[in-house]
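Colleague: Dropping a structure here in structure tokens format, bear with me for questions.
The values are calculated or read from the model by the stated rules, or taken from the named source; none is laboratory data. What you see is a predicted model; the values in this text were computed from it and never measured. Glycine gets a Cβ as well: all are built from the backbone with ideal geometry, and neighbour counts include every protein chain shown. What goes into the accessible areas is simple: the full protein's heavy atoms, side chains included, and nothing from ligands, DNA or RNA. Shrake-Rupley method; radii C 1.70, N 1.55, O 1.52, S 1.80 Å.
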Amino acid sequence: MKQMSQDERLALPTTVSVETAARAIGLGRTRAYQLARQGEFPCKVIRIGTSYRIVTVDLRRILGIEPS
């Protein structure tokens, strides 16, 4: 999976899927879901039913980027 560019990271919506967050930080899909299920994903995860959403502001914080 190709890692995201800085512009793509800055254009993300308020929350993103686990797959999108994994791509942004360079994790594989399977490992990202495993971490989310274990409560060990490197940023805030919101569980809605059986799906997981990642809070983009927290994702940007761990990546060290802020919108200009």
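Colleague: Sort through GLU40, GLU66 and tell me the only one that's exposed (fewer than 11 other Cβ atoms within 10 Å of the Cβ) and touching a Leu at 6+ places or on another chain (Cβ under 9 Å).
Modeller: The unique qualifying residue is GLU66.
Colleague: Which one is nearest to GLU66 (Cα to Cα) among residues in the range 14-37 that are open to solvent by 80 Å² or more (accessible area, probe 1.4 Å) and in contact (Cβ under 8 Å) with a residue 24 or more places away in the chain?
Modeller: Residues of the range 14-37 that are open to solvent by 80 Å² or more (accessible area, probe 1.4 Å), as a first pass: 14, 29-31, 37.
When the remaining residues are screened for being in contact (Cβ under 8 Å) with a residue 24 or more places away in the chain, the result is 14, 29.
Details: THR14: 13, ARG29: 24 Å.
That would be THR14.
Colleague: Looking only at the range 1-13, count every residue that is in contact (Cβ under 8 Å) with a residue 24 or more places away in the chain and open to solvent by 100 Å² or more (accessible area, probe 1.4 Å) and tell me the total. Even if it seems obvious, please write down each step before you answer.
Modeller: So in the range 1-13, the residues in contact (Cβ under 8 Å) with a residue 24 or more places away in the chain come out as 1, 6, 9-10, 12-13.
Among the residues that remain, those that are also open to solvent by 100 Å² or more (accessible area, probe 1.4 Å) are: 1.
Going through the range 1-13 one residue at a time, the tally reaches 1.
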